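Everything below concerns the one structure shown next.
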Amino acid sequence: MSILKAILAGIVLLLVAGLAALWAAGGGLFGSHEGPGTPTQAMRPAPVVQDSEDRVARAASQIGVARPKQILFGDLHVHTTFSFDAFMLSLPVAGGEGAHPPADACDFARFCSALDFWSINDHAFSITPRHWRETVDAIRQCNAVAGDAHNPDTVAFLGWEWTQVGLTPETHYGHKNVVLAHTEDSQIPARPIAALRQLGATPPRLGRGAFALARGGRFHDMNRYFTEWEGTPDCSDGVPERELPRDCIEHADTPADLFRRLDDWGFDALVIPHGTTWGFYTPPGSTWDKQLRGDMHDPERQTLIEVYSGHGNSEVYRPWRAVDFAADGTAVCPAPRPDYLPSCWQAGEIIRKRCLAEGATAAECETRAVEARANAAAAGVAGHLTVPGAKVGDWLDAGQCRDCKQPAFNYRPGNSAQYILALGNFDDASAPPRHFRMGFIASSDNHFARPGTGYKEKHRSGMTESVGNLASQDAAVNAVLHNEPEEPVAHSRPFELNATGFNVFETERQTSFFLTGGLVAAHSTGRDREAIWQALQRKEVYGTSGQRILLWFDLLNPPGSSGATLPMGGELEMSQDPIFQARAVGSFEQKPGCPQSSEAALGGAEIERLCKGDCYNPGDVRRPITRIEVVRIRPQVKPHEDVSTLIDDPWMTFQCNGEPEGCAVTFTDPDFRAGQRDAVYYVRAFEAKKPGVNAGGLRCERDAEGKCIRVRTCPQAGGKDADCLAPFEPVAWSSPIYVDQAGSREEAGVAP
């Protein structure tokens, strides 16, 4: 009997010890804190930086720019593995590379992509107080290495991402980067300001402990990361900013709340919307109309918009929608068009095909198709989950903008930059309409601490968010990111979207839409932080698809200017027709590998790990500019004006001769004065085509009528075509110039 008791006691002790080990492992006891790292204590050599400036100056002189400012290139949208999703993508089972902390971003910007400025923008909802302190210190360290503060090799800005996702079009506001002007404690908030704690469900502690004990390595670090985050309380509501404790995560539910909290701090900050048409998390039917109401917009802080990133192009407007709405608010699936196939409609076609294959009647299958369309429309971003067992190929190119250049996945045109600029708000009947006035930038949205990844079109894994076929990854990762595989059936099912999480979103098809990302270019009076900040505030900036295209866009005849011009981003009133000039010079062809200065600073192993063996390494030959396009937008002046009639895209097109000196065009709007309405103008400059990572999207095979009949997602079986290259035209987008009819600013109560 005593032996039996001893055995039972031993079993109990083993169970207790096992549970204790699981609990300890699940809490990250055996893991390491995700630290910030230490940047390389070296700067880019002064002659290298000066050579870059001299090249811009020579190009400006050759194209006829008088007294040019410097053109500096940067990236204002960079994540490290302090971000929840970046950490998950860094895991081995997700095809990740391990930790990429803030120090990596500093080194990459300095030695791999050779940027003049960049900002860190980790997701605020997952930044613990410790990680915020480490982020601040890391940015300071990066700037400390930059040399003379008046002439640094690289300027690092502090910031975060306000990551908001609404379940319905009415409650969705999207993602916005907050970029701060300064880094001193007296001029920065005590903590980043997040949206609600969403997208962040973590696996049960015992389960993740078992997984970490079985797999070891970085999975223990993952559990440490989860535990640190879970252990940080939410800040109390209704408490003034400066009275909140430092050890909590602060939330702002809406843009108005975010702006109010930033106002309470009173520090210089920009709020930059991004990924606005990216349908991965944006509910079908969502538009930006609600963000022009009341205090949902801050015209002093929200002055720039990201039109292009590694998540695609968000520039252009199209008149179709992913869903329509009945009078009672019910989502209705629209019929397909030659230029657009709604995903909800394709849900019905998938069910119809399965139904017919089972031998059911055409009438029965039509009934099921109608039901499937209704279920998919009602499910919002989770519409794909209403069709059990559907594969990527079943959806063809449903939901995608067929005639857009490198569009964002599941395109939402009601959130595009063109739509936003065309909008008017008429809530105050006694005042002129309210409009957005933003400058255009581009950035990377890279999640591996790699700012400015678009310098070479290669290394799809690491230079984009495509890290493999996520649908086939490990079950533990699927618990957070995906759903369990299902067998296909010939019936749709309703899906009630009542929470957000990565397993709700359509992850697999979107991997064919991730790009290497863009750059923001600033016309700056100097290289220092203040000069760059002033350029951003003036909106004297433009975006590129990753290449260092040089672009100038000026209004030549501003009234009372005595010969001075008004650059991109400017606003003014005119009583005569405006005259514009656009000038563009192509980027340099890239040499393989890295420059000697980068290799000397980082060393061969780090060049391979961080830069993947390739850096920004310009040769002496510039790529040809093939054409310059002009877009004109005349914002709404009365409610319910059809936005599609207000956007002229392209309004004018100028073919260029491809000379290495670049291309210059001059044009006027002969209808401005007679039209008696305000207008917005911007230009696009295109380089000759070249191969680009994921530039072909789903790479549809089309029939004679242009319908997609088969898709070739990336990568192909056996790892072929790993970079998924396809031809694309590198492009630069100027910030708009806003030209008002004389007298309209006074009528609107705006100082001239």
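Working note: 222 nm ellipticity from helices only, DSSP H runs with n ≥ 4, each -39,500 (n - 2.57), summed and divided by the residues of the chain, gives -7500 deg cm²/dmol to the nearest 500.
Here's the picture: charge each Lys and Arg Cβ at +1 and each Asp and Glu Cβ at -1 in the chain, and of A20, W733, H79 the one pushed furthest to the positive end of that dipole is A20. Rounded to the nearest whole Hz, the Karplus-based 3J(HN,Hα) values (6.51 cos²θ - 1.76 cosθ + 1.60, θ = phi - 60°) of the range 409-417 follow the sequence 5, 6, 4, 10, x, x, 10, 6, 4, with x at glycine and proline.
Mind running the shape call on the range 41-145? Use the C-alpha gyration tensor, a ≥ b ≥ c as the square roots of the eigenvalues: rounded below 1.5 for a/c, prolate if a/b tops b/c, oblate otherwise.
prolate
Would you mind getting me the FRET efficiency between R712 and I579? Use the beta-carbon distance for r and R0 = 45 Å, nearest 0.05. Efficiency at R0 = 45 Å is approximately 0.45. Shape class for the range 230-281, computed from the alpha carbon gyration tensor (a ≥ b ≥ c): oblate, with a/c not under 1.5 and a/b at or below b/c. Between the range 670-738 and the range 77-99, the C-alpha centres lie 28 angstrom from each other. Placing +1 on the Cβ of every Lys and Arg and -1 on the Cβ of every Asp and Glu, with no other charges, gives the range 1-106 a dipole of roughly 80 debye about its Cα centre. When both the range 159-200 and the range 400-459 are represented by their alpha-carbon centers, they are found 18 Å apart.
Once the Cβ-Cβ distance of D268 and A144 is raised to the sixth power relative to R0 = 30 Å, the FRET efficiency obtained is 0.90.
Please give me the summed charge of the neighbours of F667: other residues whose Cβ is under 14 Å from its Cβ, Lys and Arg +1, Asp and Glu -1. Walk me through the numbers before you get to the answer.
On the way: positive: R583, R627, R632, R684; negative: D554, D577, E629, D648, D669, D671.
With Lys, Arg at +1 and Asp, Glu at -1, the net is -2.
Amide H to amide H, with H built 1.01 Å from N, R450 comes under 5 Å of H79, counting only residues 5 or more places away or on other chains. Footprinting exposure proxy ranking of E687, E540, E366, E349, fewest other C-beta atoms within 10 angstrom first, gives E366, E349, E540, E687. With the simple spin-label model, which puts each label point 7 Å out from Cα in the Cβ direction, the S61 to T525 separation comes to 2.3 nm. Converting phi to 3J(HN,Hα) with the Karplus coefficients 6.51, -1.76 and 1.60 and the offset θ = phi - 60°, the range 318-332 yields 9, x, 8, 9, 6, 9, 10, 10, 6, 4, 8, x, 5, 6, 10 Hz in sequence order, with x at every glycine or proline. Approximating the spin labels as points 7 Å out from Cα along Cα→Cβ, the A214-to-A17 distance works out to 2.2 nm. Membrane-span-like helices of the chain, defined as complete DSSP H segments with a Cα extent of 30 Å or more along the helix axis and a mean Kyte hydropathy of at least 1.0, are identified as 2-26.
Cross-link partners of K539 among lysines, defined as those whose alpha carbon lies under 19 angstrom from its own and excluding same-chain residues fewer than eight positions apart: K69, K176. For the range 496-575 versus the range 352-396, the inter-centroid distance based on Cα atoms is 41 Å. Specify whether the C-alpha gyration tensor of the range 12-96 places it in the rounded, prolate or oblate class, a ≥ b ≥ c being the square roots of the eigenvalues: rounded for a/c under 1.5, otherwise prolate if a/b is larger than b/c and oblate if not. Prolate shape, in that a/c is at least 1.5 and a/b is the bigger ratio.
The stretch between A688 and V332, if pulled fully straight at 0.36 nm per residue, gains 124.0 nm over its current Cα-Cα span.
Name the trypsin sites (Lys or Arg not before Pro) in the range 631-739 that are in a loop by DSSP and that have at most 16 other C-beta atoms within 10 Å, would you? Spell out each step's value before the answer.
Values: sites: R632, R673, R677, R684, K689, R699, R702, K707, R710, R712, K720; in loops: R677, K689, R699, K707, R712, K720.
Answer in residue order: R677, K689, K707, R712, K720.
Checking [x] 1.02; [y] 1.36; [z] 0.97 against Cα Rg over 2.2 N^0.38 Å calculated from these atoms, the matching label is [z]. If you wrap the Cα atoms of the range 589-638 in a convex hull and average its projected area over all directions, you get 7.0 nm². Each Lys and Arg contributes +1 and each Asp and Glu -1, all at the Cβ; summed about the Cα centre of the chain, the dipole is approximately 1440 debye.
For the pair E486 and Q676, a Förster radius of 60 Å applied to the C-beta separation gives a FRET efficiency near 0.55, rounded to the nearest 0.05.
Bridges between two residues of the chain, per DSSP, are antiparallel at a rate of about 80%. Subtracting the Cα-Cα distance of T666 and E599 from their residue separation scaled by 0.36 nm leaves 19.7 nm. Each of Q537, F588, T666 was scored by the projection of its Cα onto the charge dipole of the chain, and the greatest displacement toward the positive side belongs to F588; charges sit on the C-beta of Lys, Arg, Asp and Glu.
All of the numbers you see were taken from the coordinates with simple rules; none came from a lab. On a predicted model such as this, the values are computed, not experimentally measured, just so you know. A quick note on method: Cβ atoms are made from the backbone with ideal geometry, for glycine too, and the neighbour counts reach across all protein chains shown.
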